[in-house]
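These notes are about the structure you will find just below.
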Amino acid sequence: MTETETTLDPALSYRRYAEGETAWDDWTEQIFQASWTHKCPTYVHRTPPCQGGCPSGHDIRGWLAIARGMEKPPVEGMSWQEYAFQRMVEANPFPATMGRVCPAPCEDGCNRNEVDDFVGINAVEQYVGDWAIENKIKLPEAGTDTGKKVAVIGGGPAGLAAVFFLRREGHAVTLFEEHEKLGGMMRYGIPGYRTPRDMLDAETQRILDLGVEVRTETRVGTDVSLDEVEKEFDAILWAIGAQNGRPLPIPGADATNCISGVAFLDAFNQDRLQHVTGRVIVVGGGDTSIDVASVARRLGHITVSHEHDLPEFVVLGHTAHDVASTAIREGADVTLTSLFPIEEMTAAEREREDAKREGVDLRGAVMPLEVILNDEGRAIALKMCKC
(Lines give C-alpha, C1' and ligand atoms only; values in the text may rest on other atoms or scores of the structure.)
Protein backbone atom coordinates (compact mmCIF):
# COMPACT_ATOMS: atom_id res chain seq x y z
CA MET A 1 0.00 0.00 0.00
CA THR A 2 1.44 3.34 -1.03
CA GLU A 3 1.51 6.36 1.20
CA THR A 4 0.83 9.89 0.12
CA GLU A 5 3.77 12.24 0.32
CA THR A 6 3.01 15.36 2.33
CA THR A 7 6.08 17.33 1.27
CA LEU A 8 7.52 18.31 -2.09
CA ASP A 9 11.01 17.48 -3.29
CA PRO A 10 12.50 20.92 -4.02
CA ALA A 11 14.85 19.44 -6.59
CA LEU A 12 11.95 18.13 -8.65
CA SER A 13 9.46 20.94 -8.10
CA TYR A 14 8.91 24.39 -9.54
CA ARG A 15 8.99 27.06 -6.85
CA ARG A 16 6.16 29.54 -7.13
CA TYR A 17 7.79 31.81 -4.57
CA ALA A 18 11.42 32.84 -4.12
CA GLU A 19 13.37 31.82 -1.04
CA GLY A 20 12.02 33.52 2.05
CA GLU A 21 8.50 34.05 0.65
CA THR A 22 6.72 31.44 2.67
CA ALA A 23 3.31 33.08 3.10
CA TRP A 24 0.46 33.18 0.60
CA ASP A 25 -1.72 36.25 0.22
CA ASP A 26 -4.80 34.15 0.70
CA TRP A 27 -5.24 30.58 1.91
CA THR A 28 -7.45 29.82 -1.08
CA GLU A 29 -4.42 30.27 -3.34
CA GLN A 30 -2.71 27.39 -1.55
CA ILE A 31 -4.42 24.85 -3.73
CA PHE A 32 -2.12 21.96 -4.61
CA GLN A 33 0.74 20.20 -2.86
CA ALA A 34 1.51 16.81 -4.36
CA SER A 35 -1.80 14.92 -4.34
CA TRP A 36 -3.30 17.05 -1.60
CA THR A 37 -5.80 19.73 -2.54
CA HIS A 38 -7.96 22.19 -0.69
CA LYS A 39 -9.97 23.04 -3.79
CA CYS A 40 -11.18 20.57 -6.42
CA PRO A 41 -12.16 21.74 -9.92
CA THR A 42 -15.88 21.60 -10.60
CA TYR A 43 -17.35 21.37 -14.08
CA VAL A 44 -20.88 22.63 -14.63
CA HIS A 45 -22.81 22.34 -17.88
CA ARG A 46 -24.43 25.74 -18.34
CA THR A 47 -25.54 28.29 -20.92
CA PRO A 48 -22.71 30.52 -22.20
CA PRO A 49 -22.79 33.81 -20.26
CA CYS A 50 -23.33 35.87 -23.41
CA GLN A 51 -26.38 33.82 -24.36
CA GLY A 52 -27.55 33.70 -20.74
CA GLY A 53 -27.47 37.50 -20.60
CA CYS A 54 -29.57 37.88 -23.77
CA PRO A 55 -33.32 38.30 -23.08
CA SER A 56 -34.17 36.65 -26.41
CA GLY A 57 -31.84 33.69 -25.86
CA HIS A 58 -29.71 34.25 -28.96
CA ASP A 59 -27.27 31.45 -29.78
CA ILE A 60 -24.52 34.07 -29.73
CA ARG A 61 -21.64 31.65 -29.41
CA GLY A 62 -23.08 29.72 -32.34
CA TRP A 63 -23.27 32.57 -34.83
CA LEU A 64 -19.96 34.02 -33.66
CA ALA A 65 -18.41 30.64 -34.45
CA ILE A 66 -19.92 30.96 -37.93
CA ALA A 67 -18.51 34.48 -38.29
CA ARG A 68 -15.06 33.18 -37.26
CA GLY A 69 -15.23 30.40 -39.83
CA MET A 70 -15.21 27.68 -37.18
CA GLU A 71 -18.61 26.40 -38.30
CA LYS A 72 -19.13 26.17 -42.05
CA PRO A 73 -22.42 26.69 -43.95
CA PRO A 74 -24.21 23.38 -44.61
CA VAL A 75 -24.93 24.25 -48.25
CA GLU A 76 -22.22 24.80 -50.83
CA GLY A 77 -22.23 28.38 -52.08
CA MET A 78 -23.98 29.79 -49.01
CA SER A 79 -22.11 32.71 -47.48
CA TRP A 80 -21.25 32.74 -43.80
CA GLN A 81 -23.36 35.90 -43.43
CA GLU A 82 -26.50 34.13 -44.63
CA TYR A 83 -25.77 31.14 -42.41
CA ALA A 84 -25.23 33.43 -39.40
CA PHE A 85 -28.45 35.27 -40.25
CA GLN A 86 -30.38 32.00 -40.26
CA ARG A 87 -28.98 31.20 -36.83
CA MET A 88 -29.82 34.68 -35.49
CA VAL A 89 -33.46 34.70 -36.55
CA GLU A 90 -34.11 31.46 -34.72
CA ALA A 91 -34.41 33.73 -31.67
CA ASN A 92 -35.01 37.24 -33.04
CA PRO A 93 -36.20 38.40 -36.49
CA PHE A 94 -34.75 41.93 -36.06
CA PRO A 95 -30.93 41.61 -36.13
CA ALA A 96 -30.33 44.95 -37.87
CA THR A 97 -32.52 46.81 -35.38
CA MET A 98 -31.30 45.03 -32.27
CA GLY A 99 -27.71 45.46 -33.38
CA ARG A 100 -28.30 49.21 -33.12
CA VAL A 101 -30.47 49.73 -30.06
CA CYS A 102 -30.03 46.74 -27.75
CA PRO A 103 -28.17 47.68 -24.53
CA ALA A 104 -26.17 44.49 -25.06
CA PRO A 105 -26.29 42.65 -21.72
CA CYS A 106 -24.57 39.86 -23.65
CA GLU A 107 -21.42 41.98 -23.79
CA ASP A 108 -21.54 42.53 -20.03
CA GLY A 109 -21.50 38.76 -19.53
CA CYS A 110 -18.84 38.07 -22.15
CA ASN A 111 -15.95 35.96 -20.81
CA ARG A 112 -13.55 38.12 -22.78
CA ASN A 113 -14.04 40.86 -20.17
CA GLU A 114 -11.73 38.85 -17.91
CA VAL A 115 -8.92 39.12 -20.48
CA ASP A 116 -9.13 42.54 -22.10
CA ASP A 117 -12.58 43.63 -23.32
CA PHE A 118 -15.84 42.12 -24.53
CA VAL A 119 -16.43 40.86 -28.05
CA GLY A 120 -18.34 43.42 -30.16
CA ILE A 121 -21.44 41.23 -30.35
CA ASN A 122 -23.80 44.08 -31.24
CA ALA A 123 -21.58 45.20 -34.10
CA VAL A 124 -21.51 41.70 -35.62
CA GLU A 125 -25.28 41.40 -35.28
CA GLN A 126 -25.84 44.78 -36.94
CA TYR A 127 -23.48 43.93 -39.79
CA VAL A 128 -25.17 40.60 -40.50
CA GLY A 129 -28.63 42.21 -40.25
CA ASP A 130 -27.70 44.99 -42.68
CA TRP A 131 -26.07 42.50 -45.04
CA ALA A 132 -29.24 40.38 -45.08
CA ILE A 133 -31.34 43.42 -46.01
CA GLU A 134 -28.96 44.52 -48.76
CA ASN A 135 -28.92 41.01 -50.21
CA LYS A 136 -32.68 40.49 -49.78
CA ILE A 137 -32.29 37.38 -47.64
CA LYS A 138 -35.68 36.03 -46.58
CA LEU A 139 -36.83 34.50 -43.33
CA PRO A 140 -37.51 30.75 -43.07
CA GLU A 141 -40.75 29.78 -44.80
CA ALA A 142 -44.04 29.45 -42.95
CA GLY A 143 -44.93 26.03 -41.61
CA THR A 144 -47.65 23.70 -42.84
CA ASP A 145 -51.12 25.17 -42.30
CA THR A 146 -52.62 24.02 -39.00
CA GLY A 147 -56.08 25.46 -39.61
CA LYS A 148 -55.77 27.64 -36.50
CA LYS A 149 -56.29 31.42 -36.57
CA VAL A 150 -54.55 33.74 -34.14
CA ALA A 151 -55.15 37.46 -33.57
CA VAL A 152 -52.11 39.48 -32.52
CA ILE A 153 -53.06 42.86 -31.07
CA GLY A 154 -50.19 45.30 -31.35
CA GLY A 155 -47.76 45.74 -34.23
CA GLY A 156 -44.65 46.53 -32.22
CA PRO A 157 -41.56 44.36 -31.74
CA ALA A 158 -43.36 41.83 -29.53
CA GLY A 159 -46.34 41.54 -31.86
CA LEU A 160 -44.25 41.27 -35.01
CA ALA A 161 -41.93 38.70 -33.44
CA ALA A 162 -44.98 36.70 -32.35
CA VAL A 163 -46.32 36.83 -35.91
CA PHE A 164 -43.03 35.42 -37.19
CA PHE A 165 -42.94 32.50 -34.77
CA LEU A 166 -46.65 31.74 -35.19
CA ARG A 167 -46.31 31.61 -38.97
CA ARG A 168 -43.34 29.27 -38.62
CA GLU A 169 -45.66 26.94 -36.73
CA GLY A 170 -48.21 27.16 -39.55
CA HIS A 171 -50.90 29.23 -37.80
CA ALA A 172 -52.82 31.89 -39.74
CA VAL A 173 -52.27 35.32 -38.19
CA THR A 174 -54.12 38.63 -38.31
CA LEU A 175 -52.25 41.63 -36.90
CA PHE A 176 -54.15 44.59 -35.43
CA GLU A 177 -52.39 47.95 -35.03
CA GLU A 178 -53.91 51.31 -34.09
CA HIS A 179 -51.20 53.39 -35.78
CA GLU A 180 -50.85 53.96 -39.49
CA LYS A 181 -47.58 52.04 -39.64
CA LEU A 182 -46.18 48.99 -37.90
CA GLY A 183 -43.15 49.02 -35.64
CA GLY A 184 -44.50 50.19 -32.29
CA MET A 185 -41.83 51.65 -30.03
CA MET A 186 -39.15 50.82 -32.61
CA ARG A 187 -40.81 53.42 -34.86
CA TYR A 188 -42.54 55.81 -32.45
CA GLY A 189 -40.33 55.52 -29.38
CA ILE A 190 -36.84 55.58 -30.90
CA PRO A 191 -35.60 58.43 -33.13
CA GLY A 192 -34.94 57.61 -36.76
CA TYR A 193 -31.23 58.32 -36.58
CA ARG A 194 -30.94 55.28 -34.29
CA THR A 195 -33.35 53.01 -36.17
CA PRO A 196 -33.33 54.09 -39.84
CA ARG A 197 -36.85 53.74 -41.17
CA ASP A 198 -35.87 52.01 -44.39
CA MET A 199 -34.11 49.34 -42.35
CA LEU A 200 -37.09 48.96 -40.00
CA ASP A 201 -39.50 48.76 -42.95
CA ALA A 202 -37.38 46.04 -44.57
CA GLU A 203 -37.25 43.89 -41.44
CA THR A 204 -40.99 44.36 -40.93
CA GLN A 205 -41.90 43.55 -44.53
CA ARG A 206 -39.81 40.39 -44.38
CA ILE A 207 -42.15 39.12 -41.65
CA LEU A 208 -45.29 40.15 -43.52
CA ASP A 209 -44.05 38.29 -46.60
CA LEU A 210 -44.69 35.06 -44.68
CA GLY A 211 -48.39 35.65 -45.30
CA VAL A 212 -50.03 37.86 -42.70
CA GLU A 213 -53.28 39.82 -42.71
CA VAL A 214 -52.64 43.32 -41.35
CA ARG A 215 -55.29 45.73 -40.09
CA THR A 216 -53.63 49.06 -39.36
CA GLU A 217 -55.47 52.06 -37.89
CA THR A 218 -57.70 49.56 -36.13
CA ARG A 219 -58.08 49.73 -32.37
CA VAL A 220 -59.57 46.65 -30.75
CA GLY A 221 -62.37 47.77 -28.46
CA THR A 222 -63.11 50.86 -30.55
CA ASP A 223 -62.97 50.08 -34.27
CA VAL A 224 -63.71 46.41 -33.73
CA SER A 225 -65.18 44.86 -30.61
CA LEU A 226 -63.36 42.31 -28.52
CA ASP A 227 -66.37 40.01 -28.82
CA GLU A 228 -65.98 39.98 -32.60
CA VAL A 229 -62.30 39.15 -32.32
CA GLU A 230 -62.93 36.34 -29.83
CA LYS A 231 -65.53 34.79 -32.15
CA GLU A 232 -63.33 34.98 -35.24
CA PHE A 233 -60.06 33.63 -33.83
CA ASP A 234 -58.91 30.53 -31.96
CA ALA A 235 -56.47 32.52 -29.82
CA ILE A 236 -55.61 36.15 -29.05
CA LEU A 237 -52.20 37.52 -28.13
CA TRP A 238 -52.10 40.95 -26.52
CA ALA A 239 -48.83 42.65 -27.45
CA ILE A 240 -49.73 46.29 -26.83
CA GLY A 241 -46.38 47.19 -25.26
CA ALA A 242 -45.44 49.58 -22.48
CA GLN A 243 -46.15 52.97 -24.01
CA ASN A 244 -46.92 55.07 -20.94
CA GLY A 245 -44.17 57.18 -19.45
CA ARG A 246 -43.69 57.52 -15.70
CA PRO A 247 -44.44 60.91 -14.11
CA LEU A 248 -41.87 62.56 -11.88
CA PRO A 249 -42.99 61.89 -8.26
CA ILE A 250 -42.33 65.38 -6.90
CA PRO A 251 -44.51 68.46 -6.25
CA GLY A 252 -45.30 70.49 -9.36
CA ALA A 253 -44.52 67.69 -11.81
CA ASP A 254 -48.11 67.74 -13.09
CA ALA A 255 -47.54 71.08 -14.86
CA THR A 256 -48.63 71.10 -18.50
CA ASN A 257 -45.08 71.54 -19.76
CA CYS A 258 -43.75 68.59 -17.73
CA ILE A 259 -44.13 65.71 -20.15
CA SER A 260 -42.90 62.14 -20.26
CA GLY A 261 -40.03 61.10 -22.47
CA VAL A 262 -42.22 58.52 -24.23
CA ALA A 263 -44.84 61.14 -25.16
CA PHE A 264 -42.12 63.53 -26.34
CA LEU A 265 -40.52 60.95 -28.63
CA ASP A 266 -43.90 59.83 -29.96
CA ALA A 267 -44.76 63.40 -31.02
CA PHE A 268 -41.34 63.81 -32.61
CA ASN A 269 -41.45 60.51 -34.49
CA GLN A 270 -44.89 61.33 -35.89
CA ASP A 271 -43.47 64.63 -37.23
CA ARG A 272 -45.84 66.68 -35.09
CA LEU A 273 -43.08 68.19 -32.94
CA GLN A 274 -40.70 70.38 -34.95
CA HIS A 275 -38.95 72.39 -32.23
CA VAL A 276 -38.83 73.14 -28.50
CA THR A 277 -39.08 76.46 -26.70
CA GLY A 278 -36.44 77.75 -24.33
CA ARG A 279 -34.29 75.61 -22.08
CA VAL A 280 -34.98 71.88 -21.73
CA ILE A 281 -34.32 69.84 -18.58
CA VAL A 282 -34.40 66.04 -18.92
CA VAL A 283 -34.59 64.00 -15.72
CA GLY A 284 -33.49 60.41 -16.18
CA GLY A 285 -30.23 58.67 -16.82
CA GLY A 286 -31.24 55.75 -19.04
CA ASP A 287 -31.10 55.32 -22.80
CA THR A 288 -34.55 56.87 -23.28
CA SER A 289 -33.50 60.05 -21.51
CA ILE A 290 -30.45 60.21 -23.78
CA ASP A 291 -32.74 59.95 -26.81
CA VAL A 292 -34.97 62.74 -25.49
CA ALA A 293 -32.04 65.04 -24.75
CA SER A 294 -30.38 64.39 -28.11
CA VAL A 295 -33.61 64.91 -30.04
CA ALA A 296 -34.36 68.15 -28.19
CA ARG A 297 -30.84 69.35 -28.93
CA ARG A 298 -31.20 68.52 -32.62
CA LEU A 299 -34.66 70.06 -32.91
CA GLY A 300 -33.52 73.43 -31.66
CA HIS A 301 -35.79 76.06 -30.11
CA ILE A 302 -37.71 79.15 -31.15
CA THR A 303 -38.93 82.15 -29.22
CA VAL A 304 -42.64 81.58 -28.64
CA SER A 305 -44.98 84.04 -30.30
CA HIS A 306 -48.16 81.97 -30.25
CA GLU A 307 -49.56 79.54 -27.70
CA HIS A 308 -49.79 76.80 -30.32
CA ASP A 309 -45.98 76.87 -30.57
CA LEU A 310 -45.65 75.46 -27.05
CA PRO A 311 -44.33 71.88 -27.28
CA GLU A 312 -46.68 70.50 -24.64
CA PHE A 313 -49.74 71.26 -26.79
CA VAL A 314 -48.17 69.32 -29.64
CA VAL A 315 -47.28 66.38 -27.39
CA LEU A 316 -50.80 66.30 -25.98
CA GLY A 317 -52.17 66.17 -29.53
CA HIS A 318 -53.92 69.56 -29.49
CA THR A 319 -51.96 70.95 -32.43
CA ALA A 320 -48.94 70.37 -34.67
CA HIS A 321 -46.01 72.59 -35.50
CA ASP A 322 -45.85 74.39 -38.81
CA VAL A 323 -42.84 73.01 -40.65
CA ALA A 324 -42.03 76.54 -41.80
CA SER A 325 -41.32 77.51 -38.20
CA THR A 326 -38.20 75.35 -38.23
CA ALA A 327 -36.51 77.96 -40.39
CA ILE A 328 -36.14 80.32 -37.42
CA ARG A 329 -35.08 77.81 -34.77
CA GLU A 330 -31.79 78.03 -32.89
CA GLY A 331 -29.77 75.42 -31.02
CA ALA A 332 -31.57 74.29 -27.86
CA ASP A 333 -29.99 74.46 -24.41
CA VAL A 334 -30.47 70.92 -23.05
CA THR A 335 -29.44 69.58 -19.64
CA LEU A 336 -29.76 65.93 -18.59
CA THR A 337 -29.72 65.14 -14.87
CA SER A 338 -29.25 61.76 -13.19
CA LEU A 339 -29.43 60.42 -9.64
CA PHE A 340 -26.24 58.51 -10.30
CA PRO A 341 -22.80 59.90 -11.09
CA ILE A 342 -22.32 60.26 -14.83
CA GLU A 343 -20.04 57.22 -15.07
CA GLU A 344 -22.66 55.11 -13.25
CA MET A 345 -25.70 56.17 -15.28
CA THR A 346 -27.78 53.29 -16.59
CA ALA A 347 -27.42 54.58 -20.14
CA ALA A 348 -24.72 52.84 -22.15
CA GLU A 349 -21.36 54.59 -22.17
CA ARG A 350 -21.48 55.05 -25.93
CA GLU A 351 -24.89 56.75 -25.58
CA ARG A 352 -23.53 59.15 -22.96
CA GLU A 353 -20.56 60.03 -25.11
CA ASP A 354 -22.81 60.62 -28.13
CA ALA A 355 -24.98 62.99 -26.10
CA LYS A 356 -21.93 64.95 -24.97
CA ARG A 357 -20.80 65.32 -28.56
CA GLU A 358 -24.29 66.58 -29.43
CA GLY A 359 -23.80 69.36 -26.88
CA VAL A 360 -26.03 68.00 -24.10
CA ASP A 361 -24.98 69.10 -20.60
CA LEU A 362 -24.83 65.96 -18.40
CA ARG A 363 -25.08 66.45 -14.64
CA GLY A 364 -24.82 63.44 -12.36
CA ALA A 365 -25.43 62.74 -8.67
CA VAL A 366 -28.32 65.21 -8.36
CA MET A 367 -31.92 64.57 -7.31
CA PRO A 368 -35.03 66.61 -8.24
CA LEU A 369 -37.01 67.92 -5.27
CA GLU A 370 -39.66 70.25 -6.66
CA VAL A 371 -40.84 71.81 -9.90
CA ILE A 372 -41.16 75.59 -9.52
CA LEU A 373 -44.26 77.01 -11.22
CA ASN A 374 -45.17 80.50 -12.37
CA ASP A 375 -48.52 82.19 -11.83
CA GLU A 376 -49.91 80.45 -14.92
CA GLY A 377 -49.05 77.00 -13.57
CA ARG A 378 -46.21 76.34 -16.02
CA ALA A 379 -42.86 74.97 -14.90
CA ILE A 380 -40.09 77.57 -14.91
CA ALA A 381 -37.40 75.92 -12.76
CA LEU A 382 -36.39 72.65 -11.12
CA LYS A 383 -35.20 72.58 -7.52
CA MET A 384 -32.53 69.92 -6.98
CA CYS A 385 -30.05 68.68 -4.39
CA LYS A 386 -26.80 66.78 -4.52
CA CYS A 387 -26.95 63.06 -3.80
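Considering the stretch 227-249 alone, what residues qualify as being surrounded by 12 or more Cβ atoms within 10 Å (Cβ to Cβ) and not in a loop (DSSP other than H, G, I, E, B)?
Val229, Glu230, Glu232, Ala235, Ile236, Leu237, Trp238
Could you tell me how many of the residues in the stretch 347-387 are under 11 Å from Gly285 (Cβ atoms), surrounded by fewer than 17 Cβ atoms within 10 Å (Cβ to Cβ) and in contact (Cβ under 8 Å) with a residue 60 or more places away in the chain?
The total comes to 0.
Pairs only if they're at least six apart or on different chains, beta carbon under 7 angstrom, first in the stretch 66-95 and under 28 Å from Val163 (Cα atoms), second among the hydroxyl-bearing types (Ser, Thr, Tyr) and surrounded by 18 or more Cβ atoms within 10 Å (Cβ to Cβ); list them, first residue then second.
Pairs that qualify, where the first residue is under 28 Å from Val163 (Cα atoms) and the partner is among the hydroxyl-bearing types (Ser, Thr, Tyr) and surrounded by 18 or more Cβ atoms within 10 Å (Cβ to Cβ), are Ile66/Tyr83; Pro73/Tyr83.
For a quick check of your reading of the model, give me the residue pairs whose first member lies in the stretch 274-287 and is more than 18 Å from Lys383 (Cβ to Cβ) and in the same structural domain as Arg363 (by TED's automatic domain parsing), whose second is among the basic types (Lys, Arg) and surrounded by fewer than 21 Cβ atoms within 10 Å (Cβ to Cβ), with beta-carbon atoms closer than 9 Å and at least 6 apart or on different chains.
Correct list of pairs: Gln274/Arg329; His275/Arg329; Val276/Arg329.
Residues to consider are Thr256, Thr195, Thr204; find the one that is hydroxyl-bearing (Ser, Thr, Tyr), outside any helix (DSSP H, G or I) and over 30 Å from Leu373 (Cα atoms).
On inspection, the qualifying residue turns out to be Thr195.
Output the residue which, of all residues in the stretch 114-139 that are modelled with pLDDT under 95 and not in a helix (DSSP H, G or I), is surrounded by the fewest Cβ atoms within 10 Å (Cβ to Cβ).
Step by step, filter the stretch 114-139, then rank; the result is Asp116.
Suppose we filter Thr303, Thr337, Thr326, Thr346 for residues that are out of contact with any helix residue (DSSP H, G or I) (no Cβ under 7 Å at 6 or more places or on another chain) and modelled with pLDDT of 95 or more; which single one remains?
Just a single option satisfies the conditions, and that option is Thr337.
Across the stretch 154-176, which residue is farthest from the chain's Cα centre (by Cα) among those that are in a strand (DSSP E or B) and surrounded by 24 or more Cβ atoms within 10 Å (Cβ to Cβ)?
Taking the candidates together, the pick is Val173.
The values are calculated or read from the model by the stated rules, or taken from the named source; none is laboratory data. Note that the structure is predicted; figures quoted are calculated from it, not measured. Reconstructed Cβ throughout: ideal geometry from the backbone, glycine too, with neighbour counts over all protein chains shown.
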